[in-house]
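Trainee: Take this structure, written in structure tokens, and hold onto it; I'll ask about it next.
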Amino acid sequence: MPDAGLLDPASVRRLAAELDLRPTKQRGQNFVIDPNTVRRIVSLSGVTADDVVLEIGPGLGSLTLGLLELGASVVAVEIEDALAARLSRTARERLGDDAASRLHVVPADALQVDELPLTPSALVANLPYNVSVPVLLRMLELFPEWTKGLVMVQLEVADRLAALPGSKVYGVPSAKAAWYADTARIATVPPKVFWPVPNVDSGLVRIERRDPPETAASREATFRVIDAAFGQRRKMLRAALSPLFGSAAAASDAIERAGQDPQARGETLDVAAFAAIAGQLPATP
């Protein structure tokens, strides 16, 4: 008789042995082995049985099973072929046919996937440490239908995603995420609930999508300004943005037209201010 319910440490290790899986730092693989942590994440996510949840990097299925147990449908994007191939069977063995029927596995790299079998209404994921920010920003850009989310990332990344202007850790991830959504770090997760055990804590970041700033500038143009502003973090905006406008003087004029101080630094501006500056960029041929 197969084990039932969520994965515990013994189940995780049995599955890993079956698949000859050796978690790698290269892909940031750390699997949750504590059912209570999984249920806590699912509860904090605000997901209900009516949601279609997008999950990135399900791995052996710890969080996937927690979402299915709730009654939600799950679209799981998994880059590892062996893990993707095993996931549906794990759901069937541990939760039954109904749960397995609500799972849709997409064997693909989340940084390359551009379509899904179902339209997601939420995103819940234990994101691989090494690609967490680009994956999250891509999912926000490509699939605007999901309006709520919860991601588990390295604690330092969680703080960066949720940082507000003026914070010491406010930067590119903070400003770009703010184009799409409000973010907040709502909890920490200790290393001991993972296998292998990482050497850092993790953080849970709640995501609530909202409209982007009112601006004539495109997202791409705004992101170019954000990248330039933080590319030379200690420089004043007029110097940091001079390559975009052709000179420091032209940048200073544009920044003033946008209602900002040319002597300010990027870490003091919110995304609406970056968008206003982007609206002053010279037209490209």
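The values are calculated or read from the model by the stated rules, or taken from the named source; none is laboratory data. The structure displayed is predicted, hence computed values, not measured ones. All Cβ positions, even for glycine, are placed from backbone atoms using ideal geometry, and neighbour counts span all protein chains on display. Surface areas here come from the heavy atoms of the whole protein model, side chains and all, with no ligands, DNA or RNA. Shrake-Rupley method; radii C 1.70, N 1.55, O 1.52, S 1.80 Å.
Trainee: Mind checking which residues of the stretch 257-271 are within 27 Å of the chain's Cα centre (by Cα), surrounded by fewer than 17 Cβ atoms within 10 Å (Cβ to Cβ) and closer than 17 Å to T215 by Cβ?
Mentor: Within the stretch 257-271, just D270 meets the criteria.
Trainee: Condition first: surrounded by 13 or more Cβ atoms within 10 Å (Cβ to Cβ) and farther than 20 Å from V133 by Cα. Now tell me which residues in the stretch 195-226 satisfy that.
Mentor: The answer is W195, P196, P213, T215, A217, S218.
Trainee: Which numbered condition trips up A177, out of (1) assigned to a helix (DSSP H, G or I); (2) surrounded by fewer than 18 Cβ atoms within 10 Å (Cβ to Cβ); (3) small (G, A, S)?
Mentor: (2)
Trainee: Let me ask another. Need a quick list: helices (runs of 4 or more DSSP H) entirely within the stretch 211-256 having at least 3 residues that are under 25 Å from the mean Cα position of the chain (by Cα).
Mentor: By residue number, 219-231.
Trainee: Same structure, new question: Residue check, V205 against (1) more than 23 Å from E141 (Cβ to Cβ); (2) of a type outside the set (D, E); (3) without any contact (Cβ under 8 Å) to a residue 60 or more places away in the chain, all met but one. Which one?
Mentor: With respect to (1) more than 23 Å from E141 (Cβ to Cβ); (2) of a type outside the set (D, E); (3) without any contact (Cβ under 8 Å) to a residue 60 or more places away in the chain, V205 is out only on (1).
Trainee: Which ones in the stretch 16-45 are open to solvent by less than 40 Å² (accessible area, probe 1.4 Å) and either in contact with a Gly (Cβ under 8 Å, 6 or more places away or on another chain) or part of a loop (DSSP other than H, G, I, E, B) (or both)?
Mentor: Listed by number, the residues that qualify are L21, P23, G28, Q29, N30, F31, I33, P35, V38, I41, V42, S45.
Trainee: If you don't mind, another one. Can you find, within the stretch 162-174, the residue that is least open to solvent (accessible area, probe 1.4 Å) among those that are assigned to a loop (DSSP other than H, G, I, E, B) and of a type in the set (A, V, I, L, M)?
Mentor: Across the stretch 162-174, the extreme among qualifying residues is A163.
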